Amino acid sequence: MSDSKDPSGMRKGLTNYGDAGFSLFLRKAFIKGAGLTDHALDRPVIGIADTGSGYNPCHGNMPQLIEAVQRGIMLAGGLPVKFPTISIGESFAAPTSMYLRNLMSMDTEEMLRAQPMDAVVLIGGCDKTVPAQLMGAASAGLPAVQLITGSMLTGTHRGEVVGACTDCRRYWAKFRADEIDEQEINDVNNQLVPSVGTCSVMGTASTMACVAEALGMTVPGGATPPAVTSDRMRVAEHTGTVAVEIARSRLTIDKVLTEKAFENAMRVLLAIGGSTNAIVHITAIAGRMGLEVDLQALDRMGRETPVLVDLKPSGQHYMEHFHAAGGMATLLRELKPLLHLDALTVTGRTLGEELERAAPPFKQDVVRPRTNPIYREGGIAVLRGNLAPGGAIIKQSAADPKLMEHEGRAVVFEGLQDLADRIDSDDLDVQREDILVLKNIGPKGAPGMPEAGYIPLPRKLARQGVKDMVRISDGRMSGTAFGTIVLHVTPESAIGGPLAHVRNGDRIRLSVSKREIALLVSDAELARRAQEQPVHEPRAERGYRKLFLETVTQADKGVDFDFLAAPVKKGAVPKA
Ligand code: FES
Ligand code: MG
């Protein structure tokens, strides 16, 4: 790294106590402690964010991915330097993985700022990791490329294809309803996650993989190869090569994460019948770029964007089938008239140019043509009304059409413990037409907005064969879940949103066609209840929880910390 024209990360951002020459001398001396030569250092330095963890089987192919990325970097003349950050495995993060997403984003951002590198490869996969990495990288501002760990394979149980985790829920519901016995539930437990990698349906991980590619943040075809395939390893090698190119061309992340890129990402989210969680994540990533997400405009976009990808939970296939069907190129080609083809990607080429270079289309049955969609509108609808003045959402493509226009009596649970205590009780006063309401699972409520919005059906109704009910909460839902479930009610109950004042027996009206969620209780009565039972916001004495509770924003702002969003507002996306 002496006189090279190559940008060298070792020179950049030096810890400089007044003598730049000495700082560089010192850095070189220490990195040589790892056995490197001057020759090795005289080239772009590419950081690799390693998020391998024994608690995260979704990232279980990390060693092979890193090896392939390193190969790509070195083939292109760069020097790979891997470094660890926090990893968040969805199933092993208490109180919720979402509680830790912003922490991971801060870890990522600060490590990118602190350590000398010219570009970074972010390796993530499990639900919160890709959003956290994109949020952190967006704030750090370096050239960055996202590598997805890839989906797990599907399994088979007694001749039927199964995969995490739509089928996890389906089998558990059968078990709760006494349709299958203990032996069978134990057997299927071995088959639901048959390999390392992320959940194999269009849950949050798969959704964010597709979103990352639509944003232009992955190499073309980077979203869909399963974790254990050679295609995935080739994507990793290619990612390493691209990282060196963006280091040399100084293609910083702001050139990729533009308004057009976010609009493309939202279009794709709607067309894949993607996870509702992605709205929160896209909002947070956009917020780091000084952009606001306009939920009403997103809803309008949804009305003209059909769901085309036939994957569970909205459809029937799994990620490996989407990959075999040509992956994102097949979908993007179908969506062409609705996309900004001039949006730049990490390859330095536009999305349109990449589509021209992609393999030619062929006959397949996973991505439908626009003339024959799975669902004629986008997967997600935005609701408003006196119960959710700041908005709420419903994944209409995964809901029961019969319940989308429904009025019913509220059966209220005050929080997760109350739900656990009473939902299976034979004494619970509940009927199939009722609406289940769960409070205190919003950003501050639980805290961390857990995926508890998929409220289980009361056991006594499940036994009667009830498969779906309208359910309402300020929480999130797993992207792999199915049901008529209203989520992200904003403002949340824990800060005194109207949801806090819903009582047993109140009437609630859901009209997806009118985009309405209404509590049929007068303003005066709600004001009276607010006075009678004032809400005390949760607080914490110390540590991360204190930071979280004092600074976390509501769902419509991405549940980011208020001080992490970019202060300068560039405007709103999507454009109306
Ligand atoms: Fe990691 Fe589903 S648990 S992607
Ligand atoms: Mg999930």
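Since every read-out is calculated from the coordinates, none of them should be taken as a lab result. Model, not experiment: these values are computed from the prediction. Neighbour counts are summed over all protein chains in view; Cβ atoms, including those assigned to glycine, are modelled from backbone coordinates with ideal geometry.
Oblate is the label for segment 430-559, because a/c, from the alpha-carbon gyration tensor with a ≥ b ≥ c as root eigenvalues, is 1.5 or above and a/b does not exceed b/c. Eigen-decomposition of the gyration tensor built on the alpha-carbon atoms of segment 25-98 gives equivalent ellipsoid semi-axes of 31, 15, 9 angstrom, largest listed first. For the chain, taking a cut-off of 4.7 Å between Cβ atoms, the unpaired cysteines are 199, 210. Here the convex hull built on the C-alpha positions of the chain has a volume of 157 cubic angstrom per residue.
Just need the relative contact order of segment 380-538 here, percent rounded to a whole number, with Cα pairs under 8 Å and 6+ apart.
In percent, rounded to a whole number, it is 30.
Please state the shape class of segment 453-506: rounded when a/c is under 1.5, otherwise prolate if a/b exceeds b/c and oblate if not, all from the C-alpha gyration tensor. Oblate, because a/c is 1.5 or more while a/b does not exceed b/c. Sequence-distant contacts, meaning Cα pairs under 8 Å at least 6 residues apart, place the relative contact order of the chain at 14 percent. The lysines within cross-link reach of residue 260, meaning a Cα-to-Cα straight distance under 29 Å and a gap of 8 or more places when in the same chain, are 128, 312, 336, 395, 514, 557, 569, 570, 575. Cβ-to-Cβ counts within 10 Å put 245, 525 in ascending order as 525, 245, the fewest first. Give the percent of DSSP beta bridges with both residues in the chain that are antiparallel, rounded to the nearest 5. Just about 45 percent of them are antiparallel. Applying the Karplus relation 6.51 cos²θ - 1.76 cosθ + 1.60 with θ = phi - 60° to segment 538-545 yields 3J(HN,Hα) values of x, 9, 9, 7, 7, x, 4, 4 Hz, where x marks Gly and Pro.
For the peptides 448-455, 205-212, the ranking by mean Cβ contacts within 10 Å, running from highest to lowest, is 205-212, 448-455. The alpha carbon centroids of segment 141-185 and segment 431-467 are separated by 21 Å.
Extension gain for residue 405 to residue 324 (0.36 nm times residue separation, less C-alpha to C-alpha distance): 25.4 nm. Computed over segment 330-441, the convex hull of the alpha-carbon atoms projects to a mean area of 11.9 nm². Full extension of the segment from residue 537 to residue 300, taken as 0.36 nm per residue of separation minus the current Cα-Cα distance, would add 81.9 nm.
Distance from the alpha carbon centroid of segment 479-494 to that of segment 89-107 works out to 19 angstrom.
Amide H to amide H distances under 5 Å link residue 391 with 385, 490, where only residues 5 or more positions off or on other chains count and H is placed in the peptide plane.
On the principal axes of its alpha carbon atoms, segment 356-510 extends 58, 36, 24 Å, with the longest extent given first. Built from the Cα atoms of segment 138-223, the convex hull projects on average onto 7.2 nm², one quarter of its surface area. Annotation: the antiparallel percentage among DSSP beta bridges lying fully within segment 404-542 is about 45. Sorting the segments 417-427, 36-46, 343-353, 400-410 by their mean number of nearby beta carbons within 10 angstrom, highest to lowest, gives 343-353, 36-46, 400-410, 417-427. By its C-alpha gyration tensor, with a ≥ b ≥ c as the square roots of the eigenvalues, how is segment 527-576 shaped: rounded for a/c under 1.5, else prolate for a/b larger than b/c, else oblate? Oblate. Each residue in 86, 394, 285 was given a count of other beta-carbon atoms within 10 angstrom of its own, and listing them fewest first yields 86, 394, 285. Ranked for footprinting exposure by Cβ neighbours inside 10 Å, fewest first, 482, 322 give 482, 322. The Cβ shell under 15 Å around residue 454 holds other residues with a net charge of +1, Lys and Arg each +1, Asp and Glu each -1.
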